[in-house]
Amino acid sequence: MKIAFVSSEVVPYAKTGGLADVAGSLPKFVRKLGNDVKVFMPKYYSVDEFKYHLNYVDLVGELKVRVGGFPHSAWIYHGKTPGSDVDIYFVHNPHFFHRHSIYTNDWDEDERFIFFQKAVIETIQRLGWKPDVFHINDWQTSLIPLLIKKNYNWDRMFDHTSTVLTIHNVGYQGAFGMQAAERAEIDPKLYAPGGPLEHNGAVNFLKAGILFSESINTVSETYAKELLTQEYGAGLENVLAYRSADLFGILNGVDYSIWNPETDAHIPYHYSMNNLSGKLENKKFLLEKAGMHFDPDVPLIGIVSRLVSQKGFDIIEEALPDLMRINAQWVILGSGESRYENLFSELAGNMPSKVWTYIGYNNALAHLIEAGADIFLMPSRYEPCGLNQIYSLKYGTVPVVRKTGGLADTVQDWNEYNALGTDAGNGYSFNDYKAYALAHAVKRAVNDFHNKPVWNKIIRNGMMKNYSWEKSASKYNLLYHKANSKR
Ligand code: ADP
Ligand code: GLC
């Protein structure tokens, strides 16, 4: 099948979170299953055509993409993803995409991604490459099924093209004022109150994606169920319930060519399940970098995260007095809301021998923390899948998580499993989204850290797990066929 995979971020070109990891690896596994895959993304400032050997696509030429009645130029670049050789196309327009960050709060954020989506459709028309399936991701690409069925339905090319929408995070919906629909030049009937594009008085891109796609999935089985509840559906639970027959959960995989302690290009010491000595060396290296003293009896707790409320930082804040009484050291890497950036910067400033904070985005450091920390903390309020806890398992860094979404599907609580009569646990989890529950889980982990036979068993249980993409990619393949049979 021909699959057009469209994403607003793709590793290694541009990344703010896990979507980029998924978009950078899933397509190559889908291709291995015999599909013809082309990836599409915007050409942000960070996408250097020389570094990535990109070429201007003459065959497409300059596109004039209409947004809100005005034609905007799009120039298309083509490359092959490093290491995997998947075709990737970039939509170039400096006005829209050379901004200070991938996502903005600028007045024309809606316009940027309307332009992107239309440019992708028009590129495909000019390439004369008829996709069987559009695989779209999150709100930034969610208008595509509506656009091909309405705005571009004069082109019979898309008559049998189906869409699979993957929801990576229902917390971000692309909700804009009514002008967004005018900019997209969408039939007013579609955004009238109660129409498929309207939600609570706003234009909602994700809602349109949910209603116009043939199949929908999210990135773990538990989150697929949670999405239908008021607590997790972020207001779209009824819309999703309406499509529940076409809604699936497929757990993300991991690209072990990038995230593997035996080969990781970003860590100084490689190690494996059978020889963990390199892990200890990475810990020493990391602590030295952090300006903290190494003590083999003190566990090092790591956090790598977008600093947003989704990730559980309000309960970490509340639990801090309790957490800081534990004999442990902390390394925290993240950026996001200034409230949390300040909190962790101040914490490190007040306790420099105990806490080190790095505010910003730093890929190499993210790898080093996975390798050097003993425990990884991820107490999310909600987590569609979560990749860092899966990386942690492979790096022998024991995850402590809240039991929700993909965290619930990948982390098995050591004590809970013991009570069930098995020693298969690979981490610690807690149910209640409460500071005390979080602190209790961290204390359980720290206690077991001192019991080496138990700790080594937990580490091994995690490192043995295999979350490579093969299994999940074949589930996507089935979903493509399912979607395709509907049009
Ligand atoms: P989300 O997509 O919600 O942010 P995931 O766990 O799925 O959560 O993926 C987060 C990805 O982003 C991981 O690959 C993680 O290493 C990376 N990441 C998050 N924050 C940073 C940061 N400050 N520096 C480097 N990498 C980061
Ligand atoms: C989102 C989710 C995260 C998921 C990632 C990739 O950003 O917050 O849980 O792992 O997308 O699917």
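The values are calculated or read from the model by the stated rules, or taken from the named source; none is laboratory data. Because the structure is predicted, anything quoted here is derived from the model rather than measured. A quick note on method: Cβ atoms are made from the backbone with ideal geometry, for glycine too, and the neighbour counts reach across all protein chains shown. With ligands, DNA and RNA removed, areas are computed over all heavy atoms of the protein, side chains included. Shrake-Rupley method; radii C 1.70, N 1.55, O 1.52, S 1.80 Å.
Kindly evaluate Phe113 against the criterion of being touching a residue at least 40 places away in the same chain (Cβ under 8 Å) and touching a Gly at 6+ places or on another chain (Cβ under 8 Å). The answer is yes for Phe113. Within the stretch 304-343, restricting attention to residues that are out of contact with any Leu (no Cβ under 9 Å at 6 or more places or on another chain) and among the aliphatic types (A, V, I, L, M), the residue that is nearest to ligand 2 (Cβ to nearest atom) is Val308.
Counting residues in the stretch 432-443 that are in contact (Cβ under 8 Å) with a residue 24 or more places away in the chain, assigned to a strand (DSSP E or B) and of a type in the set (Ser, Thr, Tyr) gives zero. Selection of the stretch 323-368 for residues being open to solvent by less than 60 Å² (accessible area, probe 1.4 Å) and among the hydroxyl-bearing types (Ser, Thr, Tyr) yields Ser335, Tyr340, Ser345, Thr357. Lys289 satisfies every condition listed in (1) more than 28 Å from Met464 (Cβ to Cβ); (2) within 16 Å of ligand 1 (Cβ to nearest atom); (3) under 23 Å from the mean Cα position of the chain (by Cα) except (3).
Of everything listed in (1) away from ligand 1 (no atom under 11 Å from the Cβ); (2) within 20 Å of Pro261 (Cα to Cα); (3) in contact with a helix residue (DSSP H, G or I) (Cβ under 8 Å, 6 or more places away or on another chain); (4) part of a helix (DSSP H, G or I), the single unmet condition for Glu281 is (3).
So that you can scan it fast, the table gives a plain yes or no per residue for (1) out of contact with any Pro (no Cβ under 6 Å at 6 or more places or on another chain); (2) over 23 Å from Tyr269 (Cα atoms); (3) assigned by TED's automatic domain parsing to the domain that holds Leu307:
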| site | (1), (2), (3) |
| --- | --- |
| Met351 | yes, yes, yes |
| Tyr361 | yes, no, yes |
| Glu370 | yes, no, yes |
| Gln389 | no, no, yes |
| Gln412 | yes, yes, yes |
| Glu416 | yes, yes, yes |
| Leu420 | yes, yes, yes |
| Asp423 | yes, yes, yes |
| Tyr428 | yes, yes, yes |
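The listed residues are Ala290, Ala265, and the only one of them that is open to solvent by 80 Å² or more (accessible area, probe 1.4 Å) and hydrophobic (A, V, I, L, M, F, W, C) turns out to be Ala265.
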